[in-house]
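Participant: My questions will all concern the structure given below.
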Amino acid sequence: MENSRETNQGQEMIQVWTTPNCVQCRQTKKLLDKHNISYDSFDLTQHPEELENFKALGLVAAPIVVSGDTRWSGFRFEKLKRLIERVEREKS
């Protein structure tokens, strides 16, 4: 997996790895969209090698959110809230 990079706006790259018909994935992306946070979305079913890498790290539930050295799986409101707050601080 690529290391985190900065986007044109100076925001750290955020990746959201999803699966089809995943309610938690949609909730995660909706929350990021609501706060105008840029992210790249990837379908895990189209990247089986990444799925295996995530499983080896113990990340077994979608969505999987990656931002820099931070990674988690599942809809984690408190972690998303901290990520959004950090990105919003960096933007100002």
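The values are calculated or read from the model by the stated rules, or taken from the named source; none is laboratory data. Given the structure is predicted, the values throughout are model-derived calculations rather than measurements. Backbone-built Cβ (ideal geometry, glycine too); neighbour counts: all protein chains shown.
Participant: With the requirement that a residue be among the polar types (S, T, N, Q) and touching a residue at least 24 places away in the same chain (Cβ under 8 Å), what does segment 65-80 give you?
Facilitator: Correct list: SER67 only.
Participant: Can you name the number of the only condition in (1) assigned to a loop (DSSP other than H, G, I, E, B); (2) more than 14 Å from the chain's Cα centre (by Cα); (3) polar (S, T, N, Q) that THR45 fails?
Facilitator: Among (1) assigned to a loop (DSSP other than H, G, I, E, B); (2) more than 14 Å from the chain's Cα centre (by Cα); (3) polar (S, T, N, Q), the lone unmet condition for THR45 is (1).
Participant: Let me ask you something else. In this structure, is LEU57 buried (at least 18 other Cβ atoms within 10 Å of the Cβ), farther than 11 Å from VAL16 by Cα and either touching a strand residue (DSSP E or B) at 6+ places or on another chain (Cβ under 6 Å) or of a type outside the set (Lys, Arg) (or both)?
Facilitator: no
Participant: Do you know which of the residues in segment 63-92 that are touching a strand residue (DSSP E or B) at 6+ places or on another chain (Cβ under 9 Å), of a type in the set (A, V, I, L, M, F, W, C) and in a helix (DSSP H, G or I) is modelled with the lowest pLDDT?
Facilitator: VAL87
Participant: Could you please tell me which pairs satisfy a Cβ distance under 7 Å, a separation of 6+ or placement on different chains, a first residue in segment 17-33 that is under 18 Å from THR70 (Cβ atoms) and buried (at least 16 other Cβ atoms within 10 Å of the Cβ), and a second residue that is at pLDDT 95 or above and of a type in the set (Asp, Glu)?
Facilitator: Here the result reads TRP17/GLU50; THR18/ASP43, each pair linking segment 17-33 to a residue that is at pLDDT 95 or above and of a type in the set (Asp, Glu).
Participant: Residues of segment 35-54 being among the hydroxyl-bearing types (Ser, Thr, Tyr) and either modelled with pLDDT under 95 or surrounded by 12 or more Cβ atoms within 10 Å (Cβ to Cβ) (or both), which ones?
Facilitator: Selection gives SER38, TYR39, SER41.
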